[in-house]
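First up is the structure itself, then whatever we jot down about it.
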């Protein structure tokens, strides 16, 4: 048995689990099968040299594929209700009915209201016990920001609080940017959580950013009098900002909020990562 055959055999051992992960992320058995097939293609191309936890590695791959599919679906503005109905229909294939029963159509309906990153963080952590340290690189967030994504999703799934108000979140981010540009230290502190974390990716660090800054005072000092060229934007549907050079995004600011406070800021400057983000500016909104 050659390496490819061995990998195929081991992949089949994990197929049911991978399909379960993909289904809970995508809400459609057909899309789940497509995600698992794409995961197999990627795994077979990459090989398993140096992989100690094959199951975890394959879960990460299928999660990344599913996230891309969710983001593409969101960009096409595909109606989530169509997916939920298809996932729960009694006229569908037997396997799809079984999957829908195991997840619960009600849960699928709520999951469809989440952003792709919120959905992935919640499903992987709460349904499959994946640590936030492993979820963070999949959604291109810090572990703290991934925890906040799952926390917001969890409250909405459990009905513990109202969904975040997008308009209010935009107001908070706009206030942060205005305070940053104007050097208003007190106004910055007013919108920052005391334990806020600022993190920069490797590309941003190479351009002079500090890899990590913790605490409201330190983060406020970092931004005070800066961000003058940052433009308000929606980043994957959530309030954020973008620094444009010649009309092209050079740095993306991603914010995680709890209530009226910013709890995490991610600076993304890696060009490949930026191409994966959905960026919408206020004048482009419907």
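The values are calculated or read from the model by the stated rules, or taken from the named source; none is laboratory data. The structure presented is a predicted model; accordingly, all values stated were derived computationally and were not measured. Using ideal geometry, Cβ is built from the backbone for each residue, glycine included, and neighbour counts are taken over all protein chains shown.
Of the listed requirements (1) farther than 27 Å from residue 276 by Cα; (2) not in a helix (DSSP H, G or I), residue 190 misses just one: (2). Kindly evaluate residue 210 against the criterion of being within 16 Å of residue 263 (Cα to Cα) and not assigned by TED's automatic domain parsing to the domain that holds residue 116. No: the conditions fail for residue 210. Within the stretch 223-252, residues that are at negative phi reach partners that are at pLDDT 90 or above and assigned to a loop (DSSP other than H, G, I, E, B) with beta carbons closer than 6 Å, at six or more positions or on different chains, in the pairs 224/183; 251/269.
Kindly establish whether residue 215 is at pLDDT 90 or above, on the phi > 0 side of the Ramachandran plot, over 22 Å from the mean Cα position of the chain (by Cα) and not assigned by TED's automatic domain parsing to the domain that holds residue 67. So residue 215 passes the test. Taking the numbered list (1) at pLDDT below 50; (2) closer than 17 Å to residue 123 by Cα in turn, residue 70 passes all entries but (1). Might you let me know whether the stretch 134-156 holds any residue that is modelled with pLDDT under 90, on the phi > 0 side of the Ramachandran plot and in contact with a helix residue (DSSP H, G or I) (Cβ under 6 Å, 6 or more places away or on another chain)? For the stretch 134-156, residues modelled with pLDDT under 90, on the phi > 0 side of the Ramachandran plot and in contact with a helix residue (DSSP H, G or I) (Cβ under 6 Å, 6 or more places away or on another chain): present.
Here is a yes/no grid of residues against (1) assigned to a helix (DSSP H, G or I); (2) modelled with pLDDT of 75 or more; (3) over 18 Å from the mean Cα position of the chain (by Cα):
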| site | (1), (2), (3) |
| --- | --- |
| 7 | yes, yes, yes |
| 15 | yes, yes, yes |
| 38 | yes, yes, yes |
| 61 | yes, yes, no |
| 82 | yes, no, yes |
| 97 | yes, no, yes |
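The combined condition, being under 30 Å from residue 280 (Cα atoms), modelled with pLDDT under 65 and in contact with a helix residue (DSSP H, G or I) (Cβ under 9 Å, 6 or more places away or on another chain), is fulfilled by residue 78.
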